[in-house]
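First the structure, in the form of C-alpha cells, and then the observations on it.
The values are calculated or read from the model by the stated rules, or taken from the named source; none is laboratory data. What you see is a predicted model, and the numbers here were worked out from it, not measured in a lab. Glycine also receives a Cβ, built like all others from the backbone with ideal geometry; neighbour counts cover every protein chain displayed.
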Amino acid sequence: MELLEEIVEPLLSWYDIHARKLPWRENPEPYRVWVSEIMLQQTRVEAVKPYFARFMKELPTIGHLAKVPEDRLMKLWEGLGYYNRVRNMQKAAVKIVEEYQGEMPADFDKIRELPGIGSYTAGAIASFAFGIPKPAVDGNVLRVLSRVLKSYEDIMKQSLRRKMEEQVEAVIPLERAGDFNQSLIELGAIVCVPNGAPKCGECPLKSLCRAYEAGVAEELPRKTPQKSRRIEDRTVLVLLSDNRAALRKRPGKGLLAGLYELPNLEGHLDREEILQYVRGLELSPIRIQELPQAKHVFSHIEWHMEGFAVKVEEPEQDPEGMFFVEKEEMERRYSIPAAFGAYTEYFRHRF
Ligand code: ADE
C-alpha cells in the first residue's frame, strides 16, 4: 500500500475522537463552511468564533450577503482584516443569486469559479458540505503531508501544492471525503503544529511518519522566507472639534479600499507642517498635541506612524472630503481599519 493510503484509517479514527466541536462543523451547510473558511484564512479558530456568530446572525443566507450595503458589510468584518476577502464574497454571493437561485452549486468546478474562491476553499465547501471527494489542501495539510512524506520541497510553490492535491485526491475515501480533509486540517492545527515542537507523542501517524522516523519533523516543511515589507512613514491626525473627530472615506481601490480612516499624510511631518495642512483645510487650529508613535504590519507594507491630536474651532462646514463624527457614531457605523487603532483609542478615551 502507498504511504498516503495507509494514513486514511488511523486519521479518521483519531478524528472521530479528537475533533474539536466547532460551530461550522456541527452544521456544515455550504454557506457556513464558506464563511468560516474565509474567516479562518488569516485568523485563529478562537478569534473567529464570535465574528462567525455575529455574521451568520445578521446575514443568515447567501441572499442576505448579496444585498447588504457595503458599509455595513465592512463593519461586520472590522477586526478581521484583508477586507477584499469579504468584498469578493459579496461578488460571489451576487453571482450565486443570479445564476444558481441563491444556493451554492453542488459542483466543485462551479464553486471554484466564484470570485475569491481558490482550490482550497472550493475543496473545503465541496467536501465538507456536499461530500464531494475533492482535496482541501491548506497550510495545515501541507505541513502534515511534508512531514509524513519527508518532503523537503518548498510549500510556497504552486507546483508542490498541486502535487499534494493530486496525492490526496488519489486516496480520499468516497464515503468520508469531508471528514478526511478535516482530519488532515485538524491534525495540523492541534498535533502537527506550526510553531514550536510538533506533538509527535500524541500523533496517530507516528508509526507511518517518515520525518518522525528520521527525527527531522521540526525541520519541515521547507518554506521560502517572505520578501521584506516596504516601510511607509505616515502622520495620522486626530482632528477634534468639540467632542467630534474627523473621518474620511478611503478610495474605492487599493489598500483598505472603501474603509473609513482618520486623516493622514505621507511622511513624518513636524508641527508647523501639520498646522499648515490643517489651515489649508479651512480649519482654525487651537492646540496641537503629539501622540505616541504606532506601527502596523500589513502583508506587504509596514506603516510607521506618528500621530497628533489637533483641536480646531467648530467649522461652519466640513472640510472637503471629510466629516466630523461623535464617538458613538464612529463605533456603531464606520469601519475603521485596525491600523488606526492607537489613534481611535485616544479619541474613544478622551470622550
Ligand atoms: N483552519 C482552517 N480551516 C479549518 C477548519 N475547517 N477547522 C479547523 N481549523 C481550520
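Points worth noting:
- Pairs linking a residue in region 247-273 that is without any contact (Cβ under 8 Å) to a residue 60 or more places away in the chain and at negative phi to a residue that is surrounded by 15 or more Cβ atoms within 10 Å (Cβ to Cβ) and in a helix (DSSP H, G or I), with Cβ atoms under 7 Å and 6 or more positions apart or on different chains, are L265/Y277.
- Members of region 189-205 that are of a type in the set (V, I, T) and in contact (Cβ under 8 Å) with a residue 12 or more places away in the chain: I190, V191
Residues are listed down the side, and each one gets a yes or a no for (1) surrounded by 14 or more Cβ atoms within 10 Å (Cβ to Cβ); (2) part of a loop (DSSP other than H, G, I, E, B); (3) more than 15 Å from the ligand (Cβ to nearest atom); (4) touching a residue at least 40 places away in the same chain (Cβ under 8 Å):
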{"position": "E5", "(1), (2), (3), (4)": "no, no, yes, yes"}
{"position": "L11", "(1), (2), (3), (4)": "yes, no, no, yes"}
{"position": "Q42", "(1), (2), (3), (4)": "no, yes, no, yes"}
{"position": "V48", "(1), (2), (3), (4)": "yes, no, no, no"}
{"position": "R72", "(1), (2), (3), (4)": "no, no, yes, no"}
{"position": "G102", "(1), (2), (3), (4)": "yes, yes, yes, yes"}
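- Residues considered: L142, L160. Of these, the only one that is over 17 Å from W34 (Cβ atoms), assigned to a helix (DSSP H, G or I), aliphatic (A, V, I, L, M) and touching an Asp or Glu at 6+ places or on another chain (Cβ under 6 Å) is L160.
Yes/no matrix, rows are residues, columns are (1) of a type outside the set (A, V, I, L, M, F, W, C); (2) assigned to a strand (DSSP E or B); (3) surrounded by fewer than 15 Cβ atoms within 10 Å (Cβ to Cβ):
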position	(1), (2), (3)
P225	yes, no, yes
S228	yes, no, yes
D233	yes, yes, yes
L237	no, yes, no
L240	no, yes, no
L247	no, yes, no
K253	yes, no, yes
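- Within region 108-139, tally of residues that are assigned to a helix (DSSP H, G or I), away from the ligand (no atom under 11 Å from the Cβ) and surrounded by fewer than 22 Cβ atoms within 10 Å (Cβ to Cβ): 7
- Qualifying residue in region 55-67 (condition: hydroxyl-bearing (S, T, Y) and in a helix (DSSP H, G or I)): no
- Out of V325, V312, one residue alone is surrounded by 13 or more Cβ atoms within 10 Å (Cβ to Cβ), hydrophobic (A, V, I, L, M, F, W, C) and over 22 Å from E273 (Cα atoms). It is V325.
- Only listed residue being within 29 Å of the chain's Cα centre (by Cα), within 16 Å of the ligand (Cβ to nearest atom), of a type outside the set (D, E) and at pLDDT 95 or above, chosen from A217, A189, A245: A189
- Any hit, region 19-38, residues being away from the ligand (no atom under 12 Å from the Cβ), in contact (Cβ under 8 Å) with a residue 40 or more places away in the chain, among the basic types (K, R) and within 24 Å of L114 (Cα to Cα): no
Rundown of residues vs (1) over 26 Å from the mean Cα position of the chain (by Cα); (2) hydrophobic (A, V, I, L, M, F, W, C), yes/no style:
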position: E316; (1), (2): yes, no
position: F323; (1), (2): yes, yes
position: F340; (1), (2): no, yes
position: R350; (1), (2): yes, no
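- Candidates G252, G307, G258 - the one that is within 27 Å of N88 (Cα to Cα) and touching a Pro at 6+ places or on another chain (Cβ under 9 Å): G258
- Any hit, region 193-204, residues being modelled with pLDDT under 95 and either within 16 Å of the ligand (Cβ to nearest atom) or farther than 23 Å from V45 by Cβ (or both): yes
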